[in-house]
Amino acid sequence: MADETGRFGVGALGHLTPGNPNRRQFMLLGASAGAALTVPASAFAQSEGQANPPDKPRGQVIAALSQEPTVFHPLMPGIEVDQGVWWQIFSPLWFVDPAGHFVPDLAREIPTIDNGGISADGLTWKIKLRSDAKWHDGTAFTAEDVKFSLDLINNPDFRVLSRVGHRLVKDIKVVAPDEIHWRMESPYSPYMSILSLTCMVPKHILEKVSDPNNSPFHNAPVGTGPFRWGERVPGDHILLNAHTGYHGKGPYLERVVFKYIPDLTVLYTQFRTGQVDYTGIQGILPNFVQEAKTLRGHKIFVSSTASVEHIAPNLEFGPFVDRTVREALYHAINKKAIIDALNYGLPKQTESFVPQQAWSFQPDLPQHSYDPAKANALLDAAGWVRGASGIREKGGVKLEFTNSTTSGNAVREQTQQLLIQDWRAIGAAMRVNDMPAAVIWGDFWQQSKFNSVLVGVNFMLGSDPDVTPRFGSGATPAKGGRGYNTYQYQNPEADRLLAEGARQFDLAQRKVIYGDLQKLIRNDLAILPLFQSSITEGVKEGLQGFRPNINTSSNCWNMREWYWA
Amino acid sequence: MGAAALQSVQLAPGQAAWQRFRRHRLAVAGAAIIVILVLGSAFGPYLLPFDDTYIDIMRRFAPPLSGAHILGTDELGRDVLARLMMGGRVSIAIGIVAMIIAMAVGILVGAFAGFYGGVLGAVLMRLVDAVLCFPAIFLLLALAALTEPGLMTTTVLIAATAWMNVARVVEAQVRSLREREFAVAAVAFGSSDLRIMFRELVPNAMAPIVVSATLNVATAILLESYVSYLGYGIQPPAASWGNMLNNAQIYLTSAPWLALAPGIAITLAVTSFNFLGDGLRDALDPRMNIP
Amino acid sequence: MARYVANRLIQAILLLVIVSALGFAILHLAPGGPLAQFAVSSQMSQEDLARVTRQLGLDRPLPIQYLDWFGRMLRGDWGRSYRDGEGVLTIIGSHLGATFELMATATVIAVLLGCWIGVLGAVRRYSLFDSLATIGAMIALSIPTFWFGLVTIYIFSVHLGWLPSGDRQTIGDGSVLDLLHHLIAPAMVLALVETAIWGRFMRSSMLEVVNQDYIRTARAKGLPEWRILTTHALRNALLPMITVAGLQFPTLLGGALVTETVFTWPGMGRLFLDSIGYRDYPVVMGILMFSATMVLIGSLLADILYAVVDPRIRVG
């Protein structure tokens, strides 16, 4: 199949914007809605490469993914690989950079309480937009598109990804083509983060569509992003071409290809032979990393993700109701073996559900120690007596349970085997009950039908630590709740902290609130945290510009800045 | 000559078959290897100092002959030889039982369909077609909906994917043999239907049946690996040659013995069953000329 | 004959309806669903999931969902994928080319090579050639395709650099030479197992025939050996192979899942696995109906062909 590289005029990228004029402005602000201000401006380097980006887009990058992106409407339900593609085709109002700062994209400046963008009570929002952004078909981007996008999200017939936060938006007013106002029903600070993940869609194309859930747009999307839609071969690859009229920095690549390679061993092999230039989600398997680092002509990046690998107990299930049991089980986990041996030392040990790079991370949490003797002592003292088979029992409840994870994940399956052995030593009997992803995350997970699950979860909402849907008492689906508190955790103190945190716009205060929350969760051992996950990505030598970003779901977030040296 | 020659000619059919079998050296070798494998799997674990599920995380990926572990250790430090033997119990059992179930169902369905033809034959063969319409993964889905994965369910699943081919082949053969002289003669002779089916027709269709059976054992052992690849199969920590092969995939270059051990075991088993099958066919088929 | 074919066609249609109903029931009753993949991500709440379930019509009673799907199917609307919203027929169509290319090549190689090895093996029974061929076939049958694939890639791609390490073509270059270059490794790996199977069946079939009375008669008559083999033996030995061929027919368009995964080949096998993995109901049902149709056609063709070729068979 012939590919269609765009025909470029000379000097198409005449107006590259050199960074964000407002960076310095919001750096000076003390407390502002959701910005993390601990990192100095110089750390926000523009390009780390030795060579400079070319004047004209040049070359192509083949990015390998182990899951196939299939959703190209950025407001519909999509997973991380889909979002990776959305980053190229579409733009949000602003995004979060690796350091945690909000950076304007389609907006001209980040709205804050101090610059009047957000009213003091958090209810009135006034956003100023860029006037030079263009859709891929040449039409100008205006505030009408923002209104249309937000209205579409709240359209009851539209199969939107999520209305969290958006449903609070009322009375959207297009004041000028480059300014939009709206009113929030109640103050909700995480909305800044939510908007950083919300891409804008074109009104002039989608308003004519009869079915918002199904239209030609879905497979030939038009956005304001750095790359325009090229072609797609289902089950094989997606090809994107550079958008010369892009309003931001870049793009420096003529073409970006997202290649679907379902098997991780094969993905690594294709990287080795140079058939792909970049290995994205889910990265290079831990057992290949050592070898990968020695490959000539390739650079390996090991970066943390926001996902925390933990054992999720069903807090209403038999033995897990007792906090002592949870503590004993936690002490009997050989985290060092799991991290160093099974995961080749790549991820980092953690006690919190917040990633260590986040502004809300609480470093002062009790540290885990692998102490089976202590675990045994705790259980003995609490009255859990060993039965004839060696399994502990108390009040008719046996210390036995199943643990589930997605089948086919080698490292997790090995972790389970190790847990079985270590926990048997303290009188706990664990049995494996693995199932494929489509099954385990269905009712089994959602309706809390599990005993325990070995899972990695990104608790953050973008960069925001509001975990009400995960730990709030009213968020348990099995009890009719609205969120995904599948652990069935109930603690009024936690509810109080969560409510306060979501109302608060002052950063320093939020930090304290969420710090206390992490202490509470850790003391209650609502989850048994293992480590903060990492992803190992490989880039071919000569490819510059790659920068991991823990605040986005995909490290493809800045492909517009990639170039061949 | 004389009396001795007469004696040798008047061997009972069973003894004659045994003699023919014995002359087939490869078949004898195959049978011997299978016996060794079965005995090894059954009794071997008692002779080894290592447990097949004991995890020794510090001694993972020990190469063969590097220490106390003859075949080395796997990704969790478990003894490969112990797992190979325990796995052998599972895989050989699955291979044989699944094959027997598949053959039994397939021969029955095929013989009845081929012999009677007409409505019964059509209904039976359409049943075969119907089950054939569902790809293996789909049957897996069906089973997953009803049961939890395990030894019995995996065996049933594998048999369920194999019996249709047997039925098809048997039906075609029986249908063609039905019109042959010996069959017509048997009918004229007054033999009952069942007798004709299973004494005259099926034995004459032995050749493709035996080939089918030996191929089925091979397929069954390998299908178990495929089934664990799809997430069902024998659950850890239990070992099977199939799931050992599966787990060894990502360590192909770093720890090749993890794949070689079960791979060679499977090859030996499959090859032995094949030669055994050859010998059986030669022994049981009265028309075969043994050079 | 015409009545037989008509009968079979009616039976086939009935069967398709039964298969569709059974398949639909199994698929929907199996645990899990198409929204499970979003349940662990932090952006979709239980409410959102319930809403989307409603919007997809998945909360309706099963018989209603089936009748709705069946009705649309009859009108030619095979539905749309839950994942990318493309029409099911379009998706299947886009994968057929790649599948056929791979499967047909492998089958042709396998049939030709397998029959040749099988015949030679039968004629020169227990010779060195036969023993080696048998052992080779056994090895080919006992090693999973995944292994052959990976080892082939490691040798020919990673170390020697002669062949690409997967894919159907180099992106941007769709020339015939490029396609062939990419076809070599997966076709050979697939053909290996197929050759072993065809070879075993052919050998056994040939052995059957070669020992028949009429062959001995032909020899006694003084006919040249090659003539006996081709005109008499081979033709009769090929008969049971028709049944085997009929069974292979659906795989021509059904693809080979494992080979497609190892060689990153965008074929039907992988599409089916992915669709089941994501519980993309419309696509799974579409492929099921498609493969069921192929199976029934293959079965019918095999039976007809067999009857045509062997005068001793009465059909019906």
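Yes or no, residue by residue, for (1) out of contact with any strand residue (DSSP E or B) (no Cβ under 7 Å at 6 or more places or on another chain); (2) buried (at least 21 other Cβ atoms within 10 Å of the Cβ):
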site: C:THR231; (1), (2): yes, no
site: C:ALA237; (1), (2): yes, yes
site: C:THR243; (1), (2): yes, yes
site: C:LEU252; (1), (2): yes, no
site: C:ALA256; (1), (2): yes, yes
site: C:PRO266; (1), (2): no, yes
site: C:ARG270; (1), (2): yes, yes
site: C:LEU288; (1), (2): yes, yes
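Out of (1) without any contact (Cβ under 8 Å) to a residue 24 or more places away in the chain; (2) more than 9 Å from every other protein chain (Cβ to nearest Cβ); (3) touching a Phe, Trp or Tyr at 6+ places or on another chain (Cβ under 9 Å); (4) not hydroxyl-bearing (Ser, Thr, Tyr), what's the single condition that is false for A:ASN343?
Failed condition: (1).
Filter segment A:248-265 for residues that are buried (at least 24 other Cβ atoms within 10 Å of the Cβ) and either facing chain C (nearest Cβ under 9 Å) or more than 24 Å from the chain's Cα centre (by Cα) (or both); which is farthest from B:ASN247 (Cα to Cα)?
For segment A:248-265, the residue satisfying everything is A:TYR252.
Determine whether A:GLY456 is within 26 Å of A:THR198 (Cβ to Cβ), surrounded by fewer than 23 Cβ atoms within 10 Å (Cβ to Cβ) and within 10 Å of chain C (Cβ to nearest Cβ).
Values: within 26 Å of A:THR198 (Cβ to Cβ): yes; surrounded by fewer than 23 Cβ atoms within 10 Å (Cβ to Cβ): yes; within 10 Å of chain C (Cβ to nearest Cβ): yes.
Yes: the conditions hold for A:GLY456.
Please specify each residue of segment B:126-143 satisfying the condition of being farther than 16 Å from C:SER20 by Cα and either charged (D, E, K, R) or buried (at least 23 other Cβ atoms within 10 Å of the Cβ) (or both).
B:LEU140
So, of the residues in segment A:160-176 that are over 13 Å from A:LEU197 (Cβ atoms) and in contact with a Phe, Trp or Tyr (Cβ under 9 Å, 6 or more places away or on another chain), which turns out to be farthest from the other protein chains (Cβ to nearest Cβ)?
Top of the filtered list is A:LYS173.
Test A:GLN270 against the stated conditions and say whether it is assigned to a loop (DSSP other than H, G, I, E, B), touching a residue at least 60 places away in the same chain (Cβ under 8 Å), polar (S, T, N, Q) and within 30 Å of A:ALA410 (Cβ to Cβ).
No; evaluated as a whole, the condition is false for this residue.
Within segment A:406-424, is there a residue that is within 11 Å of another protein chain (Cβ to nearest Cβ) and either among the aromatic types (Phe, Trp, Tyr) or under 17 Å from A:SER448 (Cα atoms) (or both)?
There is at least one residue in segment A:406-424 that is within 11 Å of another protein chain (Cβ to nearest Cβ) and either among the aromatic types (Phe, Trp, Tyr) or under 17 Å from A:SER448 (Cα atoms) (or both).
Every residue in segment B:33-52 that is out of contact with any Pro (no Cβ under 9 Å at 6 or more places or on another chain) and in contact (Cβ under 8 Å) with a residue 40 or more places away in the chain, please.
Correct list: B:ILE33, B:ILE34, B:LEU37, B:VAL38, B:GLY40, B:SER41, B:ALA42, B:GLY44, B:PRO45.
Mind listing whichever residues of segment A:478-521 are among the small types (Gly, Ala, Ser) and under 18 Å from A:LEU461 (Cα atoms)?
Quick first cut of segment A:478-521, residues among the small types (Gly, Ala, Ser) only: A:478, A:480-481, A:483, A:494, A:499, A:501-502, A:508, A:515.
Scanning segment A:478-521 gives A:GLY483, A:ALA494, A:ALA499, A:GLY501, A:ALA502, A:GLY515.
Taking the stated definitions as given, is A:PRO57 within 28 Å of A:ASN241 (Cα to Cα) and either crowded, with 24+ Cβ neighbours inside 10 Å or at pLDDT below 90 (or both)?
yes
So that you can scan it fast, the table gives a plain yes or no per residue for (1) part of a loop (DSSP other than H, G, I, E, B); (2) buried (at least 19 other Cβ atoms within 10 Å of the Cβ); (3) aromatic (Phe, Trp, Tyr):
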{"residue": "A:HIS136", "(1), (2), (3)": "yes, yes, no"}
{"residue": "A:ASP157", "(1), (2), (3)": "yes, no, no"}
{"residue": "A:SER162", "(1), (2), (3)": "yes, yes, no"}
{"residue": "A:ARG167", "(1), (2), (3)": "no, no, no"}
{"residue": "A:ILE180", "(1), (2), (3)": "no, yes, no"}
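For segment C:22-57, how many residues meet the condition of being within 16 Å of A:GLY481 (Cα to Cα) and under 27 Å from the mean Cα position of the chain (by Cα)?
Of the residues in segment C:22-57, 0 are within 16 Å of A:GLY481 (Cα to Cα) and under 27 Å from the mean Cα position of the chain (by Cα).
Taking the criterion of being modelled with pLDDT under 85, more than 8 Å from chain B (Cβ to nearest Cβ) and either outside any helix (DSSP H, G or I) or in contact with a strand residue (DSSP E or B) (Cβ under 7 Å, 6 or more places away or on another chain) (or both), would at least one residue in segment C:298-311 satisfy it?
yes
Among the residues of segment A:102-123, which ones are under 23 Å from A:ASP171 (Cβ atoms) and within 28 Å of the chain's Cα centre (by Cα)?
Across segment A:102-123, the qualifying residues are A:LEU106, A:ALA107, A:ARG108, A:GLU109, A:ILE110, A:PRO111, A:THR112, A:ILE113, A:GLY117, A:ILE118, A:GLY122, A:LEU123.
If we keep just the residues of segment A:60-103 that are part of a strand (DSSP E or B) and among the aromatic types (Phe, Trp, Tyr), which is surrounded by the most Cβ atoms within 10 Å (Cβ to Cβ)?
In this case the residue turns out to be A:PHE102.
Out of the residues in segment A:536-565 that are surrounded by 22 or more Cβ atoms within 10 Å (Cβ to Cβ) and among the β-branched types (Val, Ile, Thr), which is nearest to A:HIS331 (Cα to Cα)?
Among those that are surrounded by 22 or more Cβ atoms within 10 Å (Cβ to Cβ) and among the β-branched types (Val, Ile, Thr), it is A:ILE550.
Which one is nearest to the other protein chains (Cβ to nearest Cβ), of the residues in segment B:47-67 that are outside any loop (DSSP other than H, G, I, E, B) and closer than 20 Å to A:ASN334 by Cβ? Full working, then the answer.
Taking segment B:47-67 and keeping what is outside any loop (DSSP other than H, G, I, E, B), we get B:47, B:57-59.
Checking which are closer than 20 Å to A:ASN334 by Cβ leaves us with B:57-59.
Working: B:ILE57: 5, B:MET58: 8, B:ARG59: 10 Å.
Step by step, filter segment B:47-67, then rank; the result is B:ILE57.
Looking at segment C:133-189 only, could you name the residues that are surrounded by fewer than 15 Cβ atoms within 10 Å (Cβ to Cβ), more than 8 Å from every other protein chain (Cβ to nearest Cβ) and assigned to a loop (DSSP other than H, G, I, E, B)?
If the condition is that a residue be surrounded by fewer than 15 Cβ atoms within 10 Å (Cβ to Cβ), more than 8 Å from every other protein chain (Cβ to nearest Cβ) and assigned to a loop (DSSP other than H, G, I, E, B), then C:LEU160, C:TRP162, C:SER175 are the ones that fit.
Here's a check for you: in segment A:193-225, which residue that is under 30 Å from A:HIS101 (Cα atoms) and β-branched (Val, Ile, Thr) is surrounded by the most Cβ atoms within 10 Å (Cβ to Cβ)?
Here is the first cut: in segment A:193-225, the residues under 30 Å from A:HIS101 (Cα atoms) are A:193-203, A:221-225.
Now narrow it down to the ones that are β-branched (Val, Ile, Thr): A:194, A:198, A:201, A:222, A:224.
Working: A:ILE194: 20, A:THR198: 23, A:VAL201: 24, A:VAL222: 19, A:THR224: 28.
For segment A:193-225, the residue satisfying everything is A:THR224.
Identify the residue in segment B:207-258 that is among the aromatic types (Phe, Trp, Tyr) and within 18 Å of the chain's Cα centre (by Cα) and, among all such residues, is farthest from the other protein chains (Cβ to nearest Cβ).
B:TRP241
State whether the residues of segment A:355-375 include one that is free of Cβ contacts under 8 Å to residues at least 24 places away in the same chain and among the polar types (S, T, N, Q).
Within segment A:355-375, one or more residues are free of Cβ contacts under 8 Å to residues at least 24 places away in the same chain and among the polar types (S, T, N, Q).
Need a quick list: strands (runs of 3 or more DSSP E) entirely within segment A:369-458 having at least 2 residues that are under 20 Å from C:GLN37 (Cβ atoms) and touching a Lys or Arg at 6+ places or on another chain (Cβ under 9 Å).
In segment A:369-458, the matching strands (runs of 3 or more DSSP E) lie at A:452-458.
Going through C:ALA122, C:ALA50 one at a time, which residue ends up being assigned to a helix (DSSP H, G or I), out of contact with any Pro (no Cβ under 9 Å at 6 or more places or on another chain) and at pLDDT below 90?
Only one candidate qualifies: C:ALA122.
I need a count of the residues in segment C:30-47 that are farther than 17 Å from A:LYS449 by Cα and either at pLDDT below 85 or surrounded by fewer than 21 Cβ atoms within 10 Å (Cβ to Cβ) (or both).
Result for segment C:30-47: 7.
Can you tell me which of A:VAL209, A:VAL201, A:VAL222 is out of contact with any strand residue (DSSP E or B) (no Cβ under 9 Å at 6 or more places or on another chain), in contact (Cβ under 8 Å) with a residue 12 or more places away in the chain, assigned to a loop (DSSP other than H, G, I, E, B) and closer than 21 Å to A:ASP145 by Cβ?
Details: A:VAL209 fails: in contact (Cβ under 8 Å) with a residue 12 or more places away in the chain; A:VAL222 fails: out of contact with any strand residue (DSSP E or B) (no Cβ under 9 Å at 6 or more places or on another chain).
Only one candidate passes the filter, namely A:VAL201.
The values are calculated or read from the model by the stated rules, or taken from the named source; none is laboratory data. Just so we're clear, the structure is a prediction, and the values are computed from it rather than from any experiment. So basically every Cβ, Gly included, is an ideal-geometry build from the backbone, and we count neighbours across all protein chains shown.
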